[in-house]
Amino acid sequence: AAKAAGKSRHVVCTDELFAAHQSRRTLADELGRAIDRDELVLHYQPIVNLALDRIDGVEALVRWQHPERGLLGPGEFVHLAEETGTIDDLTRWVQRRAVQDAVLMSRLAGRQISVSVNVSPSSLVRGVLLDQVESGCTDDVQLILEVTETAVAEPAAVPVLEEFRRRGVRIALDDFGTGHSSLATLRLLPVDIIKLDRAFIEGIAVEQEASLLVRSVAELARALAKPLVVEGIEDAAQRAELERLGVALGQGYHLARPAPLDVVLEGLRQSAVEEAASLVPGR
Ligand code: C2E
Ligand code: MG
Ligand code: MG
Ligand code: MG
């Protein structure tokens, strides 16, 4: 009986593997058609000036509104896009849509809102956005491309990044601290902005060592004259500690969760109204 049970477990296991493999293939096939079917969605997470309590820009984060599986996060499909070659189309789509939406945000806010777009290493090294991004900086919008340390370490990425910078695009080093670029090499990389990974923020309100580490990164960023954005601020204590350390820019659930365009526009509209009201004399 034990042998039979073992055998049937084995069969179940193989079936499950097969099913998982099939479903992966189906998902990859479906992803190829998702753009044409208008199933990709962008959510935007504000990047906040902590001292002014004001939205400086937004990061575009892709989602897939799958007809049967619901809303999928990038962790569930971006790697598939990379494996199947759909990634370049995805990168182009995200950049185009993000800039269109950011123009709406800037007009509503009455000031320039920057928009950050994540670019996969493979799309970056082949310069897929060079043919559709003529200028990264207009009256309405500042385009920022977020790239990872591993991508920047790729020699082929350097001339591409330099060309983007010539066109007024700013480059942000995403998830800083999780790759292997040292603090020393940071100076040499073609990047304008440093985004410190949220792993460094977790303990800052309770562990002195964690706080000291962030402080030294903040000092380094200041010394290099590169703005620092801290990711993953999840509570008021972390925010207070970061302000104490002189960190200017932050992003995280405590400040604002990623949200669809209409929600972000409504938030910007409200703060524009509040700002106007605070300027009324005699208030
Ligand atoms: P990322 O660029 O580091 O983006 C930040 C991620 O952290 C987002 O997850 C965001 O929702 C999440 N996050 C923000 N605040 C907090 C917080 O306070 N706590 C925690 N625990 N998480 C927070 P998301 O949207 O699932 O994206 C995951 C990753 O997928 C991104 O990491 C980025 O590497 C990639 N990604 C997103 N959109 C795109 C895209 O359009 N193209 C490419 N190539 N990659 C993308
Ligand atoms: Mg990012
Ligand atoms: Mg990040
Ligand atoms: Mg991250």
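The values are calculated or read from the model by the stated rules, or taken from the named source; none is laboratory data. Predicted, not measured: the structure shown is a model, and the values here were computed from it. Using ideal geometry, Cβ is built from the backbone for each residue, glycine included, and neighbour counts are taken over all protein chains shown. Areas reflect the complete protein model, heavy atoms only, side chains present, ligands, DNA and RNA absent. Shrake-Rupley method; radii C 1.70, N 1.55, O 1.52, S 1.80 Å.
Looking at ALA259, is it of a type in the set (A, V, I, L, M, F, W, C), under 20 Å from the mean Cα position of the chain (by Cα) and surrounded by fewer than 19 Cβ atoms within 10 Å (Cβ to Cβ)? Here the answer is yes, as ALA259 does meet what is asked. Of the residues screened, LEU124 is one that is more than 22 Å from ALA276 (Cα to Cα), open to solvent by less than 10 Å² (accessible area, probe 1.4 Å), out of contact with any His (no Cβ under 8 Å at 6 or more places or on another chain) and not small (Gly, Ala, Ser). Just so you know, in the range 139-151 the residues that are within 14 Å of ligand 3 (Cβ to nearest atom) and not acidic (Asp, Glu) include one that is surrounded by the fewest Cβ atoms within 10 Å (Cβ to Cβ), and it is THR150.
Screening ALA98, ALA81, ALA109 for residues that are more than 14 Å from ligand 1 (Cβ to nearest atom) and over 21 Å from ARG198 (Cα atoms) leaves exactly one candidate, ALA109. Pairs needed: first member in the range 249-261, closer than 10 Å to VAL58 by Cα; second member anywhere, in a loop (DSSP other than H, G, I, E, B) and within 14 Å of ligand 4 (Cβ to nearest atom); C-beta distance under 7 Å; at least 6 residues apart or different chains. Pairs that qualify, where the first residue is closer than 10 Å to VAL58 by Cα and the partner is in a loop (DSSP other than H, G, I, E, B) and within 14 Å of ligand 4 (Cβ to nearest atom), are GLN251/GLU231; GLN251/ILE233.
Whenever a residue of the range 95-111 is free of Cβ contacts under 8 Å to residues at least 40 places away in the same chain, its partners that are open to solvent by less than 60 Å² (accessible area, probe 1.4 Å), lying with C-beta atoms within less than 7 angstrom and at least six residues away or across chains, give the pairs ARG96/GLN132; VAL103/ASP140; VAL103/VAL141; SER106/ILE113; SER106/ASP140; SER106/VAL141; ARG107/ASP140. Within the range 178-192, the set of residues being open to solvent by less than 10 Å² (accessible area, probe 1.4 Å) and within 16 Å of ligand 4 (Cβ to nearest atom) comprises VAL191 only. For the range 207-224, the criterion of being outside any helix (DSSP H, G or I) and over 26 Å from LEU104 (Cα atoms) is met by at least one residue. Taking residues in the range 174-199 that are over 23 Å from SER211 (Cα atoms) and within 14 Å of ligand 3 (Cβ to nearest atom), and partners anywhere that are modelled with pLDDT under 95 and part of a helix (DSSP H, G or I), the pairs with Cβ atoms closer than 7 Å and at least 6 places apart or on different chains are VAL191/VAL152. Scanning the range 231-256 for residues that are acidic (Asp, Glu) and part of a loop (DSSP other than H, G, I, E, B), we see that the one that is least open to solvent (accessible area, probe 1.4 Å) is GLU231. The strands (runs of 3 or more DSSP E) found wholly in the range 109-182 and carrying at least 1 residues that are at pLDDT below 95 and within 16 Å of ligand 2 (Cβ to nearest atom) occupy 141-148, 170-176. Could you tell me whether the range 204-212 includes any residue that is without any contact (Cβ under 8 Å) to a residue 60 or more places away in the chain, away from ligand 1 (no atom under 13 Å from the Cβ), within 30 Å of CYS137 (Cα to Cα) and of a type in the set (A, V, I, L, M, F, W, C)? Taking every residue of the range 204-212 in turn, none turns out to be without any contact (Cβ under 8 Å) to a residue 60 or more places away in the chain, away from ligand 1 (no atom under 13 Å from the Cβ), within 30 Å of CYS137 (Cα to Cα) and of a type in the set (A, V, I, L, M, F, W, C). Looking at (1) open to solvent by less than 30 Å² (accessible area, probe 1.4 Å); (2) more than 15 Å from the chain's Cα centre (by Cα), which is the one condition that is false for VAL48? Of (1) open to solvent by less than 30 Å² (accessible area, probe 1.4 Å); (2) more than 15 Å from the chain's Cα centre (by Cα), only one is false for VAL48: (2).
Which one of the conditions (1) open to solvent by 20 Å² or more (accessible area, probe 1.4 Å); (2) modelled with pLDDT of 95 or more; (3) away from ligand 3 (no atom under 14 Å from the Cβ) does VAL206 fail to meet, given that it meets all the rest? Checking VAL206 against (1) open to solvent by 20 Å² or more (accessible area, probe 1.4 Å); (2) modelled with pLDDT of 95 or more; (3) away from ligand 3 (no atom under 14 Å from the Cβ), the one that fails is (2).
Checked against the criteria, THR84 counts as surrounded by fewer than 16 Cβ atoms within 10 Å (Cβ to Cβ), modelled with pLDDT under 95 and under 23 Å from the mean Cα position of the chain (by Cα).
Among the residues of the range 163-177, those that are farther than 16 Å from SER120 by Cβ and open to solvent by 30 Å² or more (accessible area, probe 1.4 Å) comprise GLU163, ARG165, ARG166, ARG167, ARG170, GLY177. For the range 48-68, which positions are touching a residue at least 24 places away in the same chain (Cβ under 8 Å), under 21 Å from ALA34 (Cβ atoms) and away from ligand 1 (no atom under 13 Å from the Cβ)? Answer for the range 48-68, where residues must be touching a residue at least 24 places away in the same chain (Cβ under 8 Å), under 21 Å from ALA34 (Cβ atoms) and away from ligand 1 (no atom under 13 Å from the Cβ): GLN65, HIS66, PRO67.
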